[in-house]
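Notes to accompany the following structure.
Read the figures in this text as sums done on the coordinates, not as results from a lab. Since this is a predicted model, take the numbers as computed values, not measurements. We place every Cβ from the backbone using ideal geometry, glycine too, and count neighbours over all the protein chains shown.
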Amino acid sequence: MADKLHVDIVTVEGRRFKGDADFVVAPGSEGELGILPRHIPLLTPLAPGSVKVRNEGEEQFFFVSGGFLEVRPDQVTVLADSAERADDIDEARAEEARRRAESLLQQKLSDVDQAAATTALARAEARLRLAELRRRRRV
Amino acid sequence: MQAVAASKLRRVQVRAEAARPYADRMAEVLTEVASRTTGSPHPFLTERPIKKRLLILVTADRGLAGGLNVNAIRVALTYIRQGEETVLDTIGRKGRDYFRRLGVPIIAEVSGTGDRPELKDILPAVTVARDEYLKGSVDQVALVHTHFASISRLVPTVSILIPVQVPERKEGIRVDYLYEPEPEEVLARLLPRYVEAQVYAAVLDNLASFYAAQTIAMRNATDNAGELIDDLTMLRNKVRQATITKELSEIVGGAEALAAG
């Protein structure tokens, strides 16, 4: 049996690829890496770029925005960051989450509480009506 | 609505399952790397005296789910009261609204992530927590969410996120990796991803709990309504019977009075 690499490309949101390959090329953070079966165990972060998986002459490409590459003699695992993330975008979003919390604190409680109070009142009234019905039934 | 919640529960469970391979491999790799590094440990792995804490509270955006959110909030309250000053970072509307009314400081909030939360939706909350820890303004980051053990067992859980608890090594051969760059550097990049993956998993877990709780709440509501319908039907029949009897006796009474006259 010919040597094969078992390739597994996973992101936190799910598996993107699982299958055999003869040859894998990945964008390591220190430079492009070509991996053949019986490679020495290796662990490296990935730079944004594409992972190429070749199996019996057929090639498939996967874009990764970063992540990690774990290599074992018969196995390649790509722990990929989802394509949509980038540190600057993340920071901007974090800032927004902070601002939202602040502006919430400054807002008056009124409208939220008003709504909550109204529903509570309606619920209490419904409960009273129900109690009334039940009482009449027992008479 | 019970059927709707049940089918959504199944869908969420599929998503939670999909996140498993990444989390599992990540944990394995982290264990390996952490045992390999020497020298000064990464700040995420260093315990320091706790002066201030940050709690990431995961609740649902919506209610109609029995005691789900209330129970999670109660666990969060216990955590806050047992110890040093705590600031909150909320994921989900219910927890946010509660603690806002209570006046506990909320430094970041994420809500409205819906039925299909993506990592990028919850990242802001994690990034804020990570930054606060690295800045030194908090010394511990904890996470509260409701764990889906089974449909009838939903367990509100507290876990410590940072300092990171490196998972125990499972049985098996040690892999002696070649690191590129140095193991310390690799570890420094792995740790934040590991924390993110844990929070993401918790959000999915919580969502599964939410739909489980909603399924049960709706089933109870249906049962209660059924009982009420039975009671009311009985009441209606009794009233009808009474009216007929009354009318009959009036007619009979009238007829007799005529005959007597």
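Okay, here's what the table says:
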item: Equivalent ellipsoid dimensions for segment B:146-193 as semi-axes, Å, which come from the Cα gyration tensor, largest first; result: 32, 16, 9
item: Segment B:12-113: radius of gyration and largest Cα-Cα distance (Dmax), Å; result: 17.4, 52
item: Cα-based convex hull, segment A:5-80, per residue volume (Å³, whole number); result: 71
item: Proximal lysine pairs, segment B:2-217, alpha carbons under 26 Å, eight or more residues apart or interchain; result: 7
item: For B:T113, net neighbour charge (Lys/Arg +1, Asp/Glu -1) across residues whose Cβ lies under 9 Å away; result: -3
item: Cα principal axis extents for chain B, largest first, Å; result: 118, 42, 28
item: Counting DSSP beta bridges with both ends in the protein assembly as shown, the antiparallel % (nearest 5); result: 65
item: Over chain B, relative contact order from alpha-carbon pairs under 8 Å, at least 6 apart, %; result: 29
item: Rg/Rh for the protein assembly as shown, where both radii come from Cα atoms and Rh is the Kirkwood radius; result: 1.19
item: Segment B:153-163 - phi-based ³J(HN,Hα) in whole Hz, Karplus 6.51/-1.76/1.60, Gly and Pro as x; result: 10, 10, 10, x, 10, 10, 9, 8, 8, 10, x
item: Kirkwood Rh in Å, taken over segment B:112-261 so that all alpha-carbon pairs contribute; result: 21.9
item: Segment B:137-181: trypsin sites (Lys or Arg not before Pro) falling in loop per DSSP and having at most 13 other Cβ within 10 Å; result: B:R169, B:K170, B:R174
item: 12 Å beta-carbon shell around B:K51, net charge (K/R +1, D/E -1); result: 0
item: For A:F17, residues with placed amide H under 5 Å, excluding near neighbours; result: A:I9
item: Zone of B:I160's modelled label, taken as backbone nitrogen in segment B:7-45 under 12 Å from a point 7 Å along Cα→Cβ; result: B:45
item: Residues whose placed amide H lies under 5 Å from that of A:G28, excluding near-sequence neighbours; result: A:L33, A:A47
item: Antiparallel bridges, percent of DSSP beta bridges restricted to chain B (to nearest 5); result: 35
item: 3J(HN,Hα) from dihedral phi, segment B:101-106, Karplus parametrisation 6.51/-1.76/1.60, rounded to Hz, x for glycine, proline; result: 5, 6, x, 7, x, 10
